[in-house]
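FYI, it's all coordinate maths here, none of it is from the lab. What you see is a predicted model, and the numbers here were worked out from it, not measured in a lab. Glycine also receives a Cβ, built like all others from the backbone with ideal geometry; neighbour counts cover every protein chain displayed.
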Amino acid sequence: MVEQQTISARQMTIITILFSTGSAILIIPSDMASMAKQDAWIAALVGMGFGCFIIWLFNALAIRFPRMTLVEIAEAVLGKWLGGALMLLVMISLLISGSGAVLYFVGNFMVTQMMPETPIQAFNILYAVIVVIGVRLGLETLARSAEILFPWFILLLVLFFIVVAFKIKPENIQPIMENGIKPLWPPALSLISIVFLPSIVLLMVTSDVNQPKEARKALFKGSLYGGMIITVITGMATMVLGPDLAARSMYASYLLAQKISLGHFLQRIEAIVAAIWLIAIYFRITFYFYAVVQTLAHILRLKDYRPLVLPLGLILVVLSVVNYPNVAYMQDWDNRIWPALMLANGLFFPLLLFVVSFLRKKRTNR
Amino acid sequence: MLRIAGILAVAGFIVALEIPGLMKKKQKRELWAFSILLMLGVGFGMISILLNNVPSPLSGITFVFKPLSDILSGIGLIK
């Protein structure tokens, strides 16, 4: 790299919150409700419990190799070739199914819900352009923009929660645990694979936080807050809409906002939800993309990652258009293959690094 | 035709933006990596326009992870 960029622990917390809530805010509630019915919020809590364990694993890996990015850890543990090759596979799969797919979510949402007559490519290209600009400007700029947008994100979220809270009907989540604990596992895994496991890419960023100890805390705190936001939104969607309606609509939290009418005065605040989501998802795509670019630059031993950003941005747009032929394919793929892929990338891969580093007694001198 | 011209125009814009800086700093590795990636990007773009039914890149991932997905649904972790 040309110059070392550093961010503060506070910025890291904010990035983690925005990254982990990114695509989840809009997609998770209907996902959970379709699988767990009225117990969606319990499944979300179960998922959060396991998610904390996963973040703990990431941090345990980071403690053994302070001030090293994920790709440097992989190369130190598994050797230059095997580590590099595995990292490349992980990152290519994340470029396709992470950033490319999430960019499709943005376009699909805008086309189906807000501007039906605009071609989807227009949204994808516009969004990819700001992602590319952000990544080219570097980590510090991204962190500062996260810091600027974060108060708006929280403000809108709190406003949304307050307004929706008037509509809660507790009988919608009864009977609790009607079918026992077994139906709770698939939605819990789905939540983990969307909210917690992708945070593995943030291990490419935590090494740039000025205090390593605070960085680990920030990753944990950020994921915890993100998980809590998702749990509350899931609970509210099922309590207000009822499990059936929440499961049937594709964007339950957006529908939730459309339902709101306070005294026939405060109505149609769904744009608030869209704004929350577009802020968070920007950081989702950007940090997937940033991790891919950094990994590639490190493996190719480049001094500067910036020349790779624009060509990869072009590939990103193409991927977002060809990834999902239709929405049915998308739902099937996201339900069946995505959790398996993310378990491999976000759980088995760091676990392998951890165990091998333990066996080879490899750790950097402090 | 218009869309192909669009992709070529974008590629030309990217080249005009990046190449001068890379040439001036004489960064050979960066230049190679940049050119190969740009070629890939333009190639993928062309394929996505010229073919009617582009195979989804996700199907490659499906091929690799189908067995794990089947195991997970076998033990009741995927519905």
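Numbers for the structure displayed
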quantity	calculated
Where labels lie 7 Å past Cα in the beta-carbon direction, separation of A:Ile162 and A:Phe265 in nm	1.4
Neighbour-count order for A:Arg336, A:Arg268, A:Arg67, fewest beta carbons within 10 angstrom listed first	A:Arg268, A:Arg67, A:Arg336
Nonlocal amide H pairs with A:Ile7, under 5 Å, H built at 1.01 Å	A:Val209, A:Asn210
Selection of trypsin sites (Lys or Arg not before Pro), segment B:19-77, meeting DSSP coil and at most 13 other Cβ within 10 Å	B:Lys26
Angle between chain B longest axis and helix B:2-25 axis [Cα atoms, degrees, rounded to 10]	60
Estimated dipole of the protein assembly as shown in Debye, rounded to 20 [Cβ of Lys and Arg +1, of Asp and Glu -1, Cα centre]	1340
Anchor B:Lys26: lysines whose Cα lies under 18 Å away (excluding residues fewer than 8 positions away in-chain)	A:Lys303
Order of A:Asp208, A:Asp31, B:Asp70 under a 10 Å beta carbon neighbour criterion, fewest first	B:Asp70, A:Asp208, A:Asp31
Cα centroid separation - segment A:31-50 against segment A:261-319, whole Å	26
Under 21 Å from B:Lys79, Cα to Cα: lysines that are on another chain or at least 8 residues apart	A:Lys37, A:Lys182, B:Lys66
Nearest-ten-degree value, helix A:40-64 long axis tilted from longest Cα axis of chain A	10
Modelled FRET efficiency - R0 41 Å, A:Leu278 with A:Lys361, Cβ distances, 0.05 increments	0.30
Mean Cα-pair separation over length for chain A, i.e. relative contact order, pairs under 8 Å, 6 or more apart, %	41
Using alpha-carbon coordinates, inclination of helix A:139-165 to the longest axis of chain A, degrees	20
Difference of contour (0.36 nm per residue) and Cα-Cα distance, A:Arg301 to A:Arg144	53.8 nm
Order of A:Lys213, A:Lys37 - criterion: other Cβ atoms within 10 Å of each residue's Cβ, fewest first	A:Lys213, A:Lys37
Modelled FRET efficiency - R0 45 Å, B:Lys24 with A:Glu117, Cβ distances, 0.05 increments	0.50
Longest site-free stretch - chain A; sites: GluC sites (Glu not before Pro), DSSP loop, at most 15 other Cβ within 10 Å	A:179-366
In segment A:116-199, chymotrypsin sites (Phe, Trp or Tyr not before Pro) in a DSSP loop with at most 15 other beta-carbon atoms within 10 Å	A:Phe166
Gain on full stretching of the segment that runs from A:Arg67 to A:Leu352 - 0.36 nm per residue minus C-alpha separation	100.6 nm
Evaluated at q = 0.09, 0.12, 0.14 Å⁻¹: base-10 log I(q)/I(0), Debye formula over Cα of chain A	-0.48, -0.87, -1.18
Residue-count net charge about B:Ile75 - beta-carbon cut-off 15 Å; Lys, Arg +1, Asp, Glu -1	+2
Cβ-placed point charges (K, R +1; D, E -1), dipole of segment B:2-54 about Cα centre in debye, nearest 20	260
Over the protein assembly as shown: helical MRE at 222 nm, DSSP H runs n ≥ 4 each giving -39500 (n - 2.57), nearest 500	-24000 deg cm²/dmol
